[in-house]
Amino acid sequence: MSIFRKNRVGPGRVSVGEAARRTGHADTRGGADAVLLDVREPHEWQAGHAPGAVHVPLSALAAGAGLPAPAQARPLVVICRSGNRSRQAAELLLARGADAVDVVGGMRDWSAAGLPVVDARGQDGTVA
């Protein structure tokens, strides 16, 4: 059984610090086996996202889109701007059999914690 799912009905929720640790964005060793899945809309993603995150808007997931190859068969840490859409996406992904948790506070808290945010060109990004 995964470290993410432990007999619960809905998706688990993690802090940005825990999300960074699980996805390798924190300055720690080991434990970075999850993919950070950003479910915001394209203009939000282009303004600023975590380096190495995978992007699939919630609207696409809800319409039946699959996960990109780097996110398939891996634990998912789902993030949006503030935590609402990521919760919905994590629930949808759990229903599809994925191993998913969502990030409390989303990219707003990610950025406020001093974690990296880059724009579509790889420069310093902002949370839109």
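The values are calculated or read from the model by the stated rules, or taken from the named source; none is laboratory data. All figures in this text were calculated on a predicted structure; none of them were measured in a lab. Because the Cβ atoms are built from the backbone with ideal geometry, glycine has one as well, and the counts that use them run over all protein chains shown. Keep in mind that these areas ignore ligands, DNA and RNA; they rest on the heavy atoms of the full protein, side chains included. Shrake-Rupley method; radii C 1.70, N 1.55, O 1.52, S 1.80 Å.
Please go through the stretch 93-116 and pick out each residue that is open to solvent by less than 50 Å² (accessible area, probe 1.4 Å) and either in contact with a Cys (Cβ under 7 Å, 6 or more places away or on another chain) or under 14 Å from LEU37 (Cα atoms) (or both).
Hits for the stretch 93-116 are LEU93, LEU94, ALA98, ASP99, ALA100, VAL101, ASP102, VAL103, GLY106, MET107, TRP110.
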- Task: Of all residues in the stretch 10-45, count the ones that are outside any loop (DSSP other than H, G, I, E, B), open to solvent by 30 Å² or more (accessible area, probe 1.4 Å) and closer than 17 Å to ARG108 by Cβ.
- Result: 5
- Task: Could you tell me which residue of the stretch 30-69 is farthest from ASP119 (Cα to Cα), considering only residues that are β-branched (Val, Ile, Thr) and in contact with a helix residue (DSSP H, G or I) (Cβ under 7 Å, 6 or more places away or on another chain)?
- Result: VAL35
- Message: I'd like to check something: does the stretch 70-78 contain any residue that is open to solvent by 30 Å² or more (accessible area, probe 1.4 Å), closer than 18 Å to ALA113 by Cα and at pLDDT 95 or above?
- Response: no
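In the stretch 46-69, which residues are surrounded by fewer than 16 Cβ atoms within 10 Å (Cβ to Cβ) and outside any loop (DSSP other than H, G, I, E, B)? Let's see the steps before the verdict.
Taking the stretch 46-69 first, the residues surrounded by fewer than 16 Cβ atoms within 10 Å (Cβ to Cβ) are 46, 51-52, 59-60, 62-66, 68-69.
Hits for the stretch 46-69 are GLN46, SER59, ALA60, ALA62, ALA69.
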